[in-house]
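J.: The structure that follows is given in the form of structure tokens.
The values are calculated or read from the model by the stated rules, or taken from the named source; none is laboratory data. No experiment lies behind these values; they were computed from the predicted model shown. Here the Cβ is made from the backbone with ideal geometry for all residues, glycine too, and neighbour counts use every protein chain on show.
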Amino acid sequence: MIRYLYVFLLFSSIIFALLLYIVSYDSKNISNQISEINRNIIKEKNEILTLQAELSLLSQPDRIQNLSNNLGLNLQPVRVSQIKDIEDIPIKPANKIMDELVERSLVGFSEN
């Protein structure tokens with residue numbers, strides 16, 4: 001009887017040791033993945049900061065004015081009368097071809 005108990009304890013300790021090894025290996029793997037994701041996040045944030053700096057450099061009014069003068073674009077400052085609300089934009093009427101396409105695509109899907 002005691003022999004069976006010792007054999008059972010031996011096999012159960014071997015199984016628990018294997019399970020512990022698997023859990024340890026998985027946790028190290030997950031930790032490495034998290035570290036890689038954090039490095040990628042930092043890299044992307046640095047790239048965003050670099051792009052924002054480039055945008056601010058490229059959108060300087062003096063630079064745009066020099067480009068306009070060099071290319072002969074005759075750009076003028078925006079007048080207050082040119083600024084409109086979204087409601088002031090007229091709704092573009094749909095064309096017949098688009099209406100026909102929508103009707104054909106809905107054939108069989110209409111609920112009667």
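J.: If Leu57 meets every condition in (1) surrounded by fewer than 10 Cβ atoms within 10 Å (Cβ to Cβ); (2) over 30 Å from the mean Cα position of the chain (by Cα) apart from one, which number is that one?
T.: (2)
Here's the yes/no breakdown for (1) in a loop (DSSP other than H, G, I, E, B); (2) among the β-branched types (Val, Ile, Thr); (3) at pLDDT below 80:
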{"site": "Asn74", "(1), (2), (3)": "yes, no, no"}
{"site": "Pro77", "(1), (2), (3)": "yes, no, no"}
{"site": "Ile97", "(1), (2), (3)": "no, yes, yes"}
{"site": "Glu100", "(1), (2), (3)": "no, no, yes"}
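J.: Which of the residues spanning region 24-72 are of a type in the set (Ser, Thr, Tyr) and in a helix (DSSP H, G or I)?
T.: Ser24, Tyr25, Ser27, Ser31, Ser35, Thr50, Ser56, Ser68
J.: Can you run down the residue pairs with Cβ atoms below 7 Å, 6 or more apart or on separate chains, where the first is in region 64-84 and more than 22 Å from Glu54 (Cα to Cα) and the partner is modelled with pLDDT of 85 or more?
T.: Final answer for the pair search is Leu75/Ser68.
J.: Inside region 80-99, can you point out the residues that are among the basic types (Lys, Arg) and over 34 Å from the mean Cα position of the chain (by Cα)?
T.: Once the filter is applied, which keeps residues that are among the basic types (Lys, Arg) and over 34 Å from the mean Cα position of the chain (by Cα), region 80-99 yields only Lys96.
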